[in-house]
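**Q** The following block contains the structure, expressed as structure tokens.
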Amino acid sequence: METFGGNLGDLKNEEALEKIPGIGKAIAAKIKELVETGSLRFFEDLRSEFPAEILELFSLSGLGAKKVKSLYEQLGVSSIAQLQTACEAGRVAELPGFGKTTQEKLSTAIAERTKHAGSFQLGSIAAEA
């Protein structure tokens, strides 16, 4: 998509979309739906299935999609505050694929994030200047 120089709105024909490298039938159908309706049912379904704050969990080192999904489905964790509570109670270590070491690393990552919550990264400040 980054190399496509045109306007996706002009490509309502799925066959034309499929000629763009990296776009198959499924993606072409989603682009067409988005262009024609202004929304994407797949995205709306995901949005209704998971709370918005769950995305903040991805900012913690050591958490990827599988672990975030496991935390959400097995412990109901959808925020960093809930994860901290679960770690303090020792519930995270009990999950398959986590263990005590992962729980300790997550607790440390949460503490670091909290410690630096009011600070700015040099890159973001320099970009604004």
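**Q** For residue 112 and residue 59 in one chain, what is 0.36 nm times their gap in residues minus the Cα-Cα distance, to one decimal in nm? It would help to have the intermediate numbers written out before the result.
**A** Values: separation 53, 0.36 × 53 = 19.08 nm, distance 1.16 nm.
Result: 17.9 nm gained on full extension.
**Q** Oh, and also: Cross-link list 67/100; 69/100; 67/105; 69/105; 25/69: which exceed 25 angstrom alpha carbon to alpha carbon?
**A** 25/69
**Q** Would you kindly state how much longer the chain becomes between residue 49 and residue 81 on full extension, computed as 0.36 nm times their sequence separation minus their alpha carbon distance, in nm to one decimal?
**A** Full extension of this stretch gives 9.5 nm more.
**Q** State the extension gain, in nm to one decimal, for the chain segment bounded by residue 29 and residue 16, taking 0.36 nm per residue of separation less the distance between their alpha-carbons. Show your work: numbers first, answer last.
**A** Working: separation 13, 0.36 × 13 = 4.68 nm, distance 1.12 nm.
Result: 3.6 nm gained on full extension.
**Q** Where does the range 51-115 land on Rg/Rh, using Cα atoms and the Kirkwood Rh?
**A** That ratio equals 0.90.
Only the coordinates and a few stated rules stand behind these numbers; no lab work does. Treat the numbers as computed from the prediction; the structure is a model and nothing was measured.
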